[in-house]
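Okay, structure first, notes after.
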Amino acid sequence: MKKSILAIATVLLTLGACTTQDGEKPETAAPDAGQAAIENIMTRTSIRQYKDQPVEQEKIDIMLKAAMAAPTAMNQQPWHFIVITDKKVIDQLAGPRPTNAPLMIAVCGDTDKTSMPDGKGKLPDFWVEDVSAATENLLLAAHALGLGAVWTGAYPAMEHVAEIANVLNCPQNIVPVAIVRVGYPDESPEPKDKFKEENISYNKFGGKKE
């Protein structure tokens, strides 16, 4: 499965390197960086078992920088990250799904950072999309750094959100959206090939590729 996913990624990057936007062939084709990025996306998978090894602060900082590089409506950056290394707090957050992860990162939305640019009123709930994009960036950064991670959801299950907020002492404006468990992988699951033609339309719903 992993080989087939990587083969698709390689073909896509090779095709992309063959022409420029104006259709001209570039003088040199250097798909290495792009291919590495696509490969990182295509080979990331959820990791739930971790080695007894802490995650270095340098890697935590990189993951957080990557998360905060996510797109955000009106550049509101409505996120807040709570880094958790205390085993007692990790166990509290894990609840009925125990984990040996040495690190958790709670990715939260800050609803105070959702004002319209003119200060009149609030943006719609785009903060949920922004925080979700940040979470995906965090997962991809973890994978690129040789770490494993899994996204465990909270929002919009409001009972669960309230439980997490209580454990983390979050004020009302800080809404936990996801808890990401992170550590050095102690398992090697194959990434799933989720590409399905039936989930694609062209020009309008149900439209076929010409």
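Kindly evaluate Lys113 against the criterion of being modelled with pLDDT of 95 or more and either among the hydrophobic types (A, V, I, L, M, F, W, C) or out of contact with any strand residue (DSSP E or B) (no Cβ under 6 Å at 6 or more places or on another chain) (or both). Even if it seems obvious, please write down each step before you answer.
Working: modelled with pLDDT of 95 or more: no; either among the hydrophobic types (A, V, I, L, M, F, W, C) or out of contact with any strand residue (DSSP E or B) (no Cβ under 6 Å at 6 or more places or on another chain) (or both): yes.
Taking the combined requirement at face value, the residue does not satisfy it.
Here is a check on your reading of the model: is Pro176 surrounded by 11 or more Cβ atoms within 10 Å (Cβ to Cβ) and assigned to a loop (DSSP other than H, G, I, E, B)?
Numbers: surrounded by 11 or more Cβ atoms within 10 Å (Cβ to Cβ): yes; assigned to a loop (DSSP other than H, G, I, E, B): no.
Against the criterion (surrounded by 11 or more Cβ atoms within 10 Å (Cβ to Cβ) and assigned to a loop (DSSP other than H, G, I, E, B)), Pro176 does not qualify.
The values are calculated or read from the model by the stated rules, or taken from the named source; none is laboratory data. Predicted model, so just to flag it, every value in this text is computed and none were measured. Here the Cβ is made from the backbone with ideal geometry for all residues, glycine too, and neighbour counts use every protein chain on show.
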